1. May I ask you to derive the FRET efficiency for B:Thr129 and A:Arg118 from their Cβ-Cβ distance with R0 = 56 Å, giving the value to the nearest 0.05?
2. Report D for chain B in µm² per second (integer): Stokes-Einstein, Kirkwood Rh on Cα pairs, 37 °C, 0.692 mPa s.
3. With a 10 Å radius around each residue's Cβ, average the other Cβ atoms per peptide and rank A:207-216, A:92-101, B:52-61, highest first.
4. Residues of region A:34-77 with backbone nitrogen within less than 13 Å of a virtual label 7 Å along the Cα-to-Cβ line of A:Thr162, please, listed as ranges.
5. What list of ³J(HN,Hα) couplings, whole Hz, do you get for region B:110-116 from phi and the Karplus terms 6.51, -1.76, 1.60, once you set θ to phi - 60° and write x for glycine and proline?
6. Quick one: of the DSSP bridges fully inside region B:27-172, what percent are antiparallel, nearest 5?
7. Need the C-alpha centroid separation for region A:181-254 versus region A:43-67, integer Å.
8. Taking H placed 1.01 Å from N in the peptide plane, check which residues at least 5 places from A:Trp42 or on another chain put their amide H under 5 Å from its amide H.
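The values are calculated or read from the model by the stated rules, or taken from the named source; none is laboratory data. Every value quoted in this text rests on a predicted model; they were computed, and no experiment measured them. Cβ coordinates were reconstructed from backbone atoms using ideal geometry, including for glycine residues, and neighbour counts include every protein chain displayed. To get the accessible areas, we keep the full protein, side chains included, count just its heavy atoms, and leave off ligands, DNA and RNA. Shrake-Rupley method; radii C 1.70, N 1.55, O 1.52, S 1.80 Å.
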Amino acid sequence: MKLRTPLLAAAAFLALATPAAVQAHRMWMLPSATIVSGDDVWVTIDAAVSNDLFYFEHQPLRGDPKVLAPDGSTLEVENKATGRYRTTFDVHLTQKGTYKVAIVSEGVMGSYMLGGERKPIPRGTTTATLASVIPAGATEVRTSESANRNEVFITSGEPTNTVFKPTGKGIELIPVTHPNDLVAGETATFQFTLDGKPMPEQAVTVIPGGIRYRDKLNQMDLKTDAAGKVQIKWPEPGMYWLNVTTGGGRGPGMGPGAEGQGASAAPAGPAPRRANYVTTLEVLAP
Amino acid sequence: MQIRLTGLTVTALGASALVASPAGAQTLDLTITIPKLSVAEYHRPYVAVWLEKEGAAPRSLAVWYDFDMKANEGTKWLRDVRQWWRAAGRSMSFPADGVTGATRAPGTHKLTFTAGRGPMPALSGGKYTLVVEAAREVGGRELLRLPFSVPAGGTATAQGSGELGAVRLTVRR
C-alpha cells in the first residue's frame with residue numbers, strides 16, 4: 001500500500017511474475033459456489049488483486065486459468081473477460097467429483113551486467129529460456145526463480161481426490177481434510193509441499209473474507225508441523241483466503257523473511273527460490 | 001414414491017451396519033408439520049429425512065424437492081439442505097428410487113417407513129437419530145433431531161421455530 005501510481009500500476013501489472021512486489025495486495029479467486037448439486041452445473045469465478053477480501057478495488061487478476069476435471073482432463077474456462085477491477089470466467093461442471101481451477105505461473109527474474117550497464121532479464125523468462133536471453137559477455141548474472149500457484153476447488157456431488165495428485169512443482173496443497181468439506185467449529189488439516197517435499201515449520205496465513213465490515217483483520221498466523229501439516233479451526237462460516245509464501249517474503253503474514261532477490265551474485269543459476277500459494281476456501285455453517 | 005431396488009440402494013444396504021441382526025420388524029411413523037409462513041415470496045421447502053446411527057452410513061428416507069423440472073434442474077438446490085447433503089445426499093444420484101418425492105405444501109404430513117421396505121432398512125439394536133432438515137428457496141433452513149433407540153422404541157418430538165413446525169416420531173415393532 002506504500003506504492004503510489006504509476007508505480008502501483010506497474011507493480012500490479014507484474015503481479016503474477018513478482019508477487020513480492022505487490023505483497024501489500026492480495027491475489028485471489030472467488031468462486032460463486034464451491035459445493036454444487038445437479039447434473040449440469042455452472043460456477044462463475046471472479047479473480048482480482050486487492051487489499052480487502054473479497055472486494056474488487058484494485059486490479060484484475062491476470063493469467064491463464066486452467067481447469068483440472070475429476071477424470072484428469074484439462075478444460076478451458078468459458079466466457080472469460082477482464083474488466084477494470086476483476087477478471088471473471090465460468091466453469092462448466094459436467095462430471096461429478098472435485099475440480100481444481102488454477103492460475104499457475106513460473107518465471108525467472110533478475111539482471112546482468114553488460115558493457116558497464118545493469119540490464120533486466122525480460123519478463124516472461126523461464127528456466128528453460130534463461131540461457132537464450134542472456135547475451136554473450138554478460139557478467140554478474142543475478143536471478144531468482146519463482147513459482148506461483150493460485151487455485152480454488154469446486155465439488156459436484158461427492159468429493160474426490162484426483163486433482164490433488166502433486167505435480168512436484170512449486171507449493172501444493174495435499175488434503176488431509178478435503179477442502180470442499182469444511183464446517184465452522186471443525187478443524188481441518190492440510191499438508192503443504194514445495195517441489196514435492198513437505199514444508200515443515202512453514203508459516204501459513206489464513207484471513208476470513210469481509211474485512212471491510214470489521215475493524216480487525218482476524219488473521220490467523222499458523223505454522224506447519226514437522227510433516228508440513230497445518231491445522232485450521234474455522235471460527236465461523238464464510239470464505240477464507242489462505243496464503244503460503246516462501247523465499248523473499250517480507251510483509252506481514254508472508255512467511256519467514258529471506259534474502260531478497262539478487263542477494264547472491266550467482267553466475268547463471270535460477271536460485272534463490274521463491275514460491276507462493278493462494279487458495280480461497282469456503283467454510284459452511286454446521 | 002416409486003419403489004425399485006437399484007444397484008445404489010443395494011450397495012448402501014450392504015455397506016450399512018444398520019441392517020445387522022434386525023431386532024424384529026420396526027415401523028417409523030413420522031409426522032412433519034410445514035408451517036404456513038406469511039412472506040412476500042413463498043416456495044415450498046426442500047425437506048430431507050434421514051437416519052443416523054453411530055458407526056453406520058446415514059440413510060436417506062425421504063427427500064422432497066422439485067423432482068419434476070426439466071433436465072433434473074431441481075437437483076441444483078439439493079445442496080442447500082446442507083447437513084443432509086454432507087451426510088448422505090452428495091453420494092447419491094437423483095431421482096433416488098423410494099427416496100425422491102415432491103415438495104409438500106404447508107400442513108401436516110404423515111409418513112410411514114417400514115423396515116425392509118423401500119429406503120428403510122431393518123434396524124439392529126442401538127441408538128439412532130432421525131433427522132429432518134428443511135431449506136426454503138429465498139427463505140431459511142432448519143434442522144430437527146429426534147433420538148430413539150431400538151428395540152425400546154417409543155415416541156420423540158421436536159418443535160421447529162422457522163422452516164419446520166412440530167415433528168413427531170413413533171417407533172413401533
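1. About 0.20, to the nearest 0.05.
2. 202
3. A:92-101, B:52-61, A:207-216
4. A:68-75
5. So the Karplus estimates, Gly and Pro as x, are 9, 10, 10, 10, 10, 3, x Hz.
6. About 95 percent, rounded to the nearest 5.
7. Their Cα centres are 19 Å away from one another.
8. A:Leu93
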